[in-house]
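The values are calculated or read from the model by the stated rules, or taken from the named source; none is laboratory data. Just so we're clear, the structure is a prediction, and the values are computed from it rather than from any experiment. Note that each Cβ is placed from the backbone with ideal geometry, even for glycine, and that neighbours are counted across all protein chains shown. Areas reflect the complete protein model, heavy atoms only, side chains present, ligands, DNA and RNA absent. Shrake-Rupley method; radii C 1.70, N 1.55, O 1.52, S 1.80 Å.
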Amino acid sequence: MTAASRAAIHDPAGDRQDGGPVPVAGTHPADRAEGQPGDRLGRRLHDLRISVTDRCNFRCTYCMPREVFGRDYAFLPRAEILTFEEIARLARLFVSNGVSKLRVTGGEPLVRKDLPDLVRQLAAIDGVRDLALTTNGALLSAQAGALHEAGLRRVTVSLDSLDDAVFGAMNGVNFPVARVLQGIRAAQQVGLAPVKVNAVVKRGLNESSVLPLARYARDHGLILRLIEFMDVGQSNGWRLEDVVPAAQLVEMIDAEFPLEPEPPSYPGEVATRWRYRDGGGEIGVIASVTQPFCGACTRARLSAKGELFTCLFATSGMDLRALVRGGASDGEIEQAIAERWRRRGDRYSELRSAETAELAETSGLRRVEMFAIGG
Ligand code: SAM
Ligand code: SF4
Ligand code: SF4
């Protein structure tokens, strides 16, 4: 590992004083972000992912393995979690800083009571152009209508296999596929469309599920997104050998249903898009391990307890809850967010990729868990 890359990884606050890269203007169509300062790599703040809880009703092996997150695991006490009013206020201040896309996530967001109330508050923020939710789908059929009525426009449902044995083993609680499909159908029926389906692919576990998922998605008007197994957090026992490169996944589908590349819907889109040549829709692949996209990363993340993370692989976040509960004004909080973004220099995946041979060194850092800050 080079001294520069080590410094960048060990510099989650991004506040090295050694000059760093010279910011260049970003090119995101995030029109609200125009005129906002970029970070140290010229990336403008465009999206905010909001984790509303660190709790979950699943124990996915790649996220919250049950051996680690058992009965005795200490989740955040209620008082530590931001209230809906606190979340909405912070979201509004992020929007003042250029954010126009919000995604509600977790943990499992639908286990948080009265979530439509939060959605209603977020939808009312002037300047929010896109409001979406990522869920495991277990509780979706009961809540889809209320979420849509509250102003939610899009939903992404995670589903790693259509085979109950494979899915049950991956979700860690033997949750049946049929109930997730029921949630997807309910979302489609109320107009949360097009529904995206996220599948994390882990070697030896669910490669054989990829084609059936692609077929199902084609037949039911869903957009399948295949995600490389990532080395997030400390608990999922990640190994490079377990990653199935996205290029292989595309080849696998292309052999059965020929594909052609589809241009990104906007610069900096995380998923690489492919279209079925026969007009059967599209898929996306998220190749964060084999083809990192840090150069276009415009995302901030707000954890359930109110920390701002500027990278999925960060080791620490900035405590916005302390500002909110300490009586800071809107202007002060807005300024704190802007300054933190300006100092941002994160590009973990690119460094990991450049330094794979020395991966042991990067993986020794205490990274925050994915369920704490959302995917
Ligand atoms: N509980 C919700 C769900 O599963 O959709 C939302 C939170 S979850 C952390 C968000 C996304 O992160 C999910 O699509 C999940 O599959 C993905 N994810 C979690 N751990 C991952 C890992 N190690 N590698 C790649 N994706 C992961
Ligand atoms: Fe829960 Fe989502 Fe993590 Fe699975 S991926 S354990 S559903 S938070
Ligand atoms: Fe963004 Fe960090 Fe992921 Fe790079 S590693 S794409 S900076 S979240």
### Query
Since Ala144 meets every condition but one in (1) without any contact (Cβ under 8 Å) to a residue 40 or more places away in the chain; (2) surrounded by 22 or more Cβ atoms within 10 Å (Cβ to Cβ), which condition does it not meet?
(1)
### Query
Quick one: in the range 271-313, which of the residues that are closer than 11 Å to Ala246 by Cβ and open to solvent by less than 40 Å² (accessible area, probe 1.4 Å) is farthest from ligand 1 (Cβ to nearest atom)?
Ile283
### Summary
When the range 271-302 is checked residue by residue, the ones that are touching a Leu at 6+ places or on another chain (Cβ under 8 Å) and in a strand (DSSP E or B) are Trp274, Arg275, Tyr276, Ile283, Gly284, Val285, Ile286, Arg299, Ala300, Arg301, Leu302
### Message
Against the conditions (1) within 16 Å of ligand 1 (Cβ to nearest atom); (2) more than 16 Å from Val368 (Cβ to Cβ); (3) part of a loop (DSSP other than H, G, I, E, B); (4) without any contact (Cβ under 8 Å) to a residue 60 or more places away in the chain, where does Gly70 fall short? Just the number, please.
### Response
(1)
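Hey, which of the strands (runs of 3 or more DSSP E) in the range 180-270, taking only ones fully inside, have at least 2 residues that are more than 16 Å from ligand 3 (Cβ to nearest atom) and surrounded by fewer than 18 Cβ atoms within 10 Å (Cβ to Cβ)? Before the answer, list the steps.
Numbers: elements: 196-201, 223-228, 259-262.
Where strands (runs of 3 or more DSSP E) fall fully within the range 180-270 and carry at least 2 residues being more than 16 Å from ligand 3 (Cβ to nearest atom) and surrounded by fewer than 18 Cβ atoms within 10 Å (Cβ to Cβ), they are 259-262.
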### Message
What pairs come out if I take residues in the range 236-247 that are of a type in the set (Val, Ile, Thr) and pair them with residues that are at pLDDT below 90 and within 16 Å of ligand 2 (Cβ to nearest atom) whose C-beta lies under 9 Å away, six or more apart or interchain?
### Response
Val243/Asp231
### Message
I'm trying to understand the selection: among the residues of the range 117-143, which are more than 15 Å from ligand 1 (Cβ to nearest atom) and part of a strand (DSSP E or B)?
### Response
Asp130, Leu131
### Query
So which residues in the range 303-356 are of a type in the set (Gly, Ala, Ser), assigned to a helix (DSSP H, G or I) and under 18 Å from Glu85 (Cβ atoms), if there are any at all?
Ala322
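This table checks each residue for (1) aliphatic (A, V, I, L, M); (2) more than 17 Å from Leu48 (Cβ to Cβ).
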| position | (1), (2) |
| --- | --- |
| Ser288 | no, yes |
| Cys294 | no, yes |
| Arg301 | no, no |
| Glu307 | no, no |
| Gly317 | no, no |
| Ala328 | yes, yes |
| Gly345 | no, yes |
| Glu350 | no, yes |
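Evaluate the following for Phe175: is it aromatic (Phe, Trp, Tyr), more than 10 Å from ligand 1 (Cβ to nearest atom) and crowded, with 22+ Cβ neighbours inside 10 Å? Outline the logic, then answer.
On the way: aromatic (Phe, Trp, Tyr): yes; more than 10 Å from ligand 1 (Cβ to nearest atom): yes; crowded, with 22+ Cβ neighbours inside 10 Å: no.
The answer is no for Phe175.
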### Single unsatisfied condition, Leu110 versus (1) open to solvent by 40 Å² or more (accessible area, probe 1.4 Å); (2) under 30 Å from Phe229 (Cα atoms); (3) not hydroxyl-bearing (Ser, Thr, Tyr)
(1)
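Matching residues to (1) under 14 Å from the mean Cα position of the chain (by Cα); (2) closer than 24 Å to Arg44 by Cβ:
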{"residue": "Ser235", "(1), (2)": "no, no"}
{"residue": "Leu240", "(1), (2)": "no, no"}
{"residue": "Arg275", "(1), (2)": "no, no"}
{"residue": "Gly284", "(1), (2)": "no, yes"}
{"residue": "Ala314", "(1), (2)": "yes, yes"}
### Query
Of the residues Pro65, Pro77, Pro37, which is surrounded by fewer than 21 Cβ atoms within 10 Å (Cβ to Cβ), farther than 16 Å from Ser303 by Cβ and away from ligand 1 (no atom under 16 Å from the Cβ)?
Pro37
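Examine the range 38-47 for a residue that is outside any loop (DSSP other than H, G, I, E, B) and under 30 Å from Gly172 (Cβ atoms), and state whether such a residue exists. Outline the logic, then answer.
Here is the first cut: in the range 38-47, the residues outside any loop (DSSP other than H, G, I, E, B) are 47.
Filter once more, so that each one left must be under 30 Å from Gly172 (Cβ atoms): 47.
Yes: one or more hits.
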### Message
Quick check on my filter: what residues within the range 157-169 are open to solvent by less than 50 Å² (accessible area, probe 1.4 Å) and in a helix (DSSP H, G or I)?
### Response
Val166, Phe167, Gly168
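Please verify whether the range 144-156 includes one or more residues that are away from ligand 2 (no atom under 16 Å from the Cβ), over 30 Å from Phe94 (Cα atoms) and outside any strand (DSSP E or B). Walk me through it before giving the result.
So in the range 144-156, the residues away from ligand 2 (no atom under 16 Å from the Cβ) come out as 144-154.
Applying the additional criterion that residues be over 30 Å from Phe94 (Cα atoms) yields none.
No, because not a single residue in the range 144-156 is away from ligand 2 (no atom under 16 Å from the Cβ), over 30 Å from Phe94 (Cα atoms) and outside any strand (DSSP E or B).
Does the range 86-103 contain at least one residue that is open to solvent by 10 Å² or more (accessible area, probe 1.4 Å), part of a loop (DSSP other than H, G, I, E, B) and either within 13 Å of ligand 1 (Cβ to nearest atom) or among the basic types (Lys, Arg) (or both)?
Restricting attention to the range 86-103, the residues satisfying the condition of being open to solvent by 10 Å² or more (accessible area, probe 1.4 Å) are 86, 88-89, 92, 96-97, 101, 103.
Subset that is part of a loop (DSSP other than H, G, I, E, B): 97.
Now restrict to residues that are either within 13 Å of ligand 1 (Cβ to nearest atom) or among the basic types (Lys, Arg) (or both): none.
Taking every residue of the range 86-103 in turn, none turns out to be open to solvent by 10 Å² or more (accessible area, probe 1.4 Å), part of a loop (DSSP other than H, G, I, E, B) and either within 13 Å of ligand 1 (Cβ to nearest atom) or among the basic types (Lys, Arg) (or both).
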